[in-house]
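Structure first, commentary second.
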Amino acid sequence: MIRVVLFDLDDTLFAHRAAVESGILAYAQALGAPYGALEADEVVTIWHDLEEEHYHSYLAGDLDFEGQRQARARDFAARHGVALSDDQASAWFADYFEHYVAAWSLHDDALPALDALERRLPGVRFGLITNGDLAFQRRKVEAVGLDARIEHLIASGEVGIPKPDAAIFRVACEAFGAPPEEAAYIGDRLRTDAIGAARAGLTGVWLNRHDAVPSPDDERDAVDAGVRIIRSLDELPSLLA
């Protein structure tokens, strides 16, 4: 029986990508020329790609948390013919960040799923495992009111182990005093979240909101690990109960 349900934060419960898109478009518009020269879709794509590149450099230990922010700002500005020093890049990102924060929200299915899980699994406990800086992720959790529902927040920046390493999932289970087989983990990334959790002995669930097609290797490993797939958190209570 599942006694602990653990979630990824960004783009699983927290609508990170929507806030990023809203934030960068609002900031580019506020900056004016030369940042307004590109189409909105191109602006969003460039910013998303830079986040993927430099945030993974942070997770790999190649950049510190502020360094990845500076790199994202510096590279985005360079695409528009603007050169930024490290201090200027930090200030640029801080200004963008305010637009990002203004758009913070939960996915519409997040709280209803938690409520339904509590009804279907009496006594269930909730936690988060996130690849990121603990203070930054906690700020998001508190801003959207998840802190009232989440018992433990496990962040790779604090633990020193990123997903999909099995150790971070076991750290979370230990925090709850529960064996992995009594825990489920739900996330929007197939390998990082669902396969990683399943290989650590948890019930690994991939939240595939956008009908993404996995690579052949990911699909094979997901089947071998027993990963379950849902397309909305609305499906989760029935799956786990």
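The values are calculated or read from the model by the stated rules, or taken from the named source; none is laboratory data. Just so you know, these numbers come straight off a predicted model, no measurement behind them. Note: ideal-geometry Cβ built from the backbone for every residue, glycine included; neighbour counts use all protein chains shown. Each accessible area value is taken on the protein alone, full model and side chains, heavy atoms only, with ligands, DNA and RNA left out. Shrake-Rupley method; radii C 1.70, N 1.55, O 1.52, S 1.80 Å.
Observations on the model:
- Accessible surface calculations at 1.4 Å, restricted to protein heavy atoms, place the stretch 122-213 at 41 Å² per residue.
- In the stretch 153-241, inverting the average of 1/r over every pair of distinct C-alpha atoms gives 13.2 Å as the Kirkwood radius.
- Entry note, the chain: relative contact order of 23 percent, from Cα contacts under 8 Å with a spacing of 6+ residues.
- Extension gain, V101 to L134, is 10.2 nm, computed as 0.36 nm per intervening residue step minus the present C-alpha separation.
- Among D217, D108, D11, residue whose mean-square fluctuation peaks in a GNM of the chain (springs only between Cα atoms under 10 Å): D217
- Inter-label distance for R119 and A175, nm, one decimal - labels placed 7 Å from Cα along Cα-to-Cβ: 2.8 nm
- Mean sequence separation of contacting Cα pairs (under 8 Å, at least six apart), scaled by the length of the stretch 67-194, corresponds to a relative contact order of 16 percent.
- To the nearest ten degrees, helix 65-79 and the longest principal axis of the Cα atoms of the chain are 50 degrees apart.
- Residues whose placed amide H lies under 5 Å from that of I154, excluding near-sequence neighbours: L128, I129, T130
- Within the accessible area of the chain (1.4 Å probe), percent carbon and sulfur: 48 percent
- Sequence-distant residues sharing a close amide H with L106 (under 5 Å, placed H): A15
- Between the helical axis of 16-31 and the longest alpha-carbon principal axis of the chain there is an angle of about 10 degrees.
- Debye equation applied to the C-alpha atoms of the stretch 1-53, log10 I(q)/I(0) at 0.14, 0.17, 0.26 Å⁻¹: -0.47, -0.60, -1.03
- Sorted from longest to shortest, the spans of the Cα atoms of the stretch 1-96 along the three principal axes equal 57, 28, 19 Å.
- Farthest towards the positive end of the charge dipole of the stretch 55-143, among the residues F76, P112, Y58, is the Cα of P112, using unit charges on the Cβ of Lys, Arg, Asp and Glu.
- Each Lys and Arg adds +1 at its Cβ and each Asp and Glu adds -1 at its Cβ; summed about the Cα centre, the chain shows a dipole of about 620 debye.
- With Cα atoms, 0 to 90° folded angle of helix 134-143 axis to the chain main axis: 80 degrees
- The chain: most fluctuating residue of F126, F136, F65 per GNM, C-alpha cutoff 10 Å: F136
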